[in-house]
1. What is the set of long-range amide H partners of B:Glu33 at a cut-off below 5 Å, with H atoms built 1.01 Å from backbone N?
2. Anyone know which of A:Pro148, A:Pro133, A:Pro76 comes out most mobile in the 10 Å Cα GNM of chain A?
3. Taking chain B as a Gaussian network, Cα atoms linked when under 10 Å apart, which of B:Gly181, B:Gly129, B:Gly268 shows the biggest mean-square fluctuation?
4. Would you kindly calculate the translational diffusion coefficient of chain B, applying Stokes-Einstein with the Kirkwood radius from alpha carbon pairs, for 37 °C and a viscosity of 0.692 mPa s, and quote it in µm² s⁻¹ without decimals?
5. Where a ≥ b ≥ c are the square roots of the eigenvalues of the C-alpha gyration tensor, would you call chain A rounded, which needs a/c under 1.5, or, failing that, prolate if a/b is larger than b/c, or oblate?
6. Using only protein heavy atoms and a 1.4 angstrom probe, determine the accessible area buried between B and A, summed over both sides, in Å² to the nearest 100.
7. For the range B:212-251, what does the alpha-carbon gyration tensor say about shape, rounded, prolate or oblate, given a ≥ b ≥ c as the root eigenvalues, a/c under 1.5 as rounded, and a/b over b/c as prolate?
8. Could you work out the local net charge near B:Ile217, counting Lys and Arg as +1, Asp and Glu as -1, over the other residues with Cβ closer than 12 Å to its Cβ?
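The values are calculated or read from the model by the stated rules, or taken from the named source; none is laboratory data. What you see is a predicted model; the values in this text were computed from it and never measured. Here Cβ is always computed from backbone atoms with ideal geometry, including for glycine, and neighbour counts include all displayed protein chains. The protein model used for the area step is the full one, side chains on, heavy atoms only, and it has no ligands, DNA or RNA in it. Shrake-Rupley method; radii C 1.70, N 1.55, O 1.52, S 1.80 Å.
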Amino acid sequence: MKQDNSQSEPIRISKLDPKFKSEVMKHKDAQGLNACFACGTCTAGCPVHEIFPEYDPRKLAKMVKLGMRKEVLSIPYIWYCVTCHNCEQRCPQNVKFFNILNVLKNMAAKEGYAPSPWVEQTQQIMQTGIVFPKDEELAKKRESFFLPVLKSDCKKAKKLIELAGLDKIKAKKQS
Amino acid sequence: MNRYALFLGCTTPTQVIQYELSSRWVCKHLGIELVDIDDFVCCGINQINLSQEAGLMLAAMNLAHAEAKELDILTLCAACTGALAEAVESLKDQETRDRVNRKLQTIGLKYNGRTKVKHISRVLYEDVGIDRIKIKIKRDLSKFRVAPHYGCHYLKPESAFEGFDDPDNPKTLHQLISATGAFPVQYETLNLCCGGKSFPISKEPAFYLVQKKLDNIMGKKIDCMVVQCQTCYLMYSDQQKVINGRFKKQYNVPVLLYPQLLGIALGGDPINDLGLNSNTVSLNSLLAKGEINKQL
Ligand code: SF4
Ligand code: SF4
């Protein structure tokens with residue numbers, strides 16, 4: 001297990017964003033946040049925490065409450081969540097941490113932190129309706145299994161993606 | 001009703017074709033009619049990371065297409081199951097549904113909240129039933145010790161699955177494996193995630209989680225692992241090989257998709273009906289143990 005060094009920086013009150021919490025809690029799925037009593041059950045069951053102790057659902061919930069906007073939204077580990085739902089499944093307070101995390105990721109994406117694989121997948125859906133290309137090779141492979149030609153309505157998918165503004169999300173520049 | 005709209009998702013029909021092949025064969029064999037819908041698109045689960053609204057709209061578009069054909073949806077991928085079932089749940093809320101429908105209207109669609117979403121294993125469990133599966137078994141698989149792996153989104157979020165099975169102590173896949181005559185082995189890391197959902201972002205979680213589970217089940221003298229999602233399959237089977245190379249390990253755990261195991265038991269042709277020759281970890285020793293005379 002790796003060392004947890006994330007406590008080392010002091011929190012500066014002047015850098016806190018007091019509106020951050022209410023901005024997060026505007027979203028229906030995140031409204032349970034106030035009920036969190038920091039028991040840490042979510043963290044204990046989080047497989048990503050097991051590998052990267054710096055990634056800590058309980059602490060993230062606390063950081064949101066404190067208004068640590070920039071710190072939360074720029075944490076690369078928020079994108080490592082394996083979507084196992086353990087945190088919400090086990091929370092005694094019915095806080096949907098997994099959903100709160102999605103709200104945070106959506107905000108981070110808008111602020112320029114979106115990882116390129118998800119942005120590329122979106123672009124692919126706009127072209128083929130799925131997250132993979134549909135080329136000649138695939139068509140031949142499917143034919144060899146006697147399976148029907150793979151179709152999907154990418155035009156409608158593209159339109160919905162545009163309506164949701166997802167096409168505007170740009171990938172984080174590699175540093 | 002044993003007629004469903006087949007929701008293939010993105011990865012199965014392009015990367016794990018043997019899952020589609022064996023699922024179609026098993027359904028045909030057991031009287032489940034699958035209807036192909038040309039308009040289906042990605043379920044939207046990964047798009048939720050960037051925009052929950054976009055993810056919900058893609059899911060709603062798929063639900064609307066199935067509803068227009070008066071069909072419920074049968075899924076193969078656990079993640080598609082979770083994403084679509086969660087969308088069904090969210091769209092029960094009138095305000096949310098109205099908001100989404102205003103957008104769907106611009107592409108000529110409407111969702112009224114009637115579509116149900118079921119994973120193929122759930123359809124086999126509920127519509128066909130364990131007893132009816134048992135009657136159809138043709139090959140003796142009683143020598144197989146099988147480690148089940150459920151896949152997180154098969155049963156979670158719990159609120160989207162109407163009490164079907166228990167995500168903390170699941171039983172349905174165990175029972176489906178028993179129905180084939182094989183023996184489902186219980187193990188400590190049963191509910192451990194495969195790590196596949198963040199694999200495009202970082203390989204580390206999956207590499208760690210896959211090894212943790214393989215270490216656990218290798219100690220249980222199992223003959224194979226059975227999964228019910230193509231992403232779980234890719235993590236435990238394809239990535240098992242990558243892990244062997246990268247971390248100098250010697251894992252040798254054959255991994256089957258559940259319809260492949262069931263298909264073997266039902267007497268399907270291992271190659272033409274079930275695509276067992278496409279699986280990355282060789283199944284030859286497994287077939288030999290089951291006295292199935294076929295070299296893959
Ligand atoms: S399990 Fe729930 S109440 Fe406990 S720290 Fe996590 S979110 Fe808060
Ligand atoms: S859903 Fe994500 S945050 Fe929650 S326990 Fe699983 S990996 Fe951790």
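1. Hits under the 5 Å cutoff: B:Arg3, B:Tyr4.
2. Of A:Pro148, A:Pro133, A:Pro76, the most mobile in the Gaussian network model is A:Pro148.
3. Result: B:Gly129 has the largest fluctuation of those listed.
4. So the translational diffusion coefficient is about 168 µm²/s.
5. prolate
6. So the total buried area for this chain pair works out to about 5000 Å².
7. oblate
8. +2
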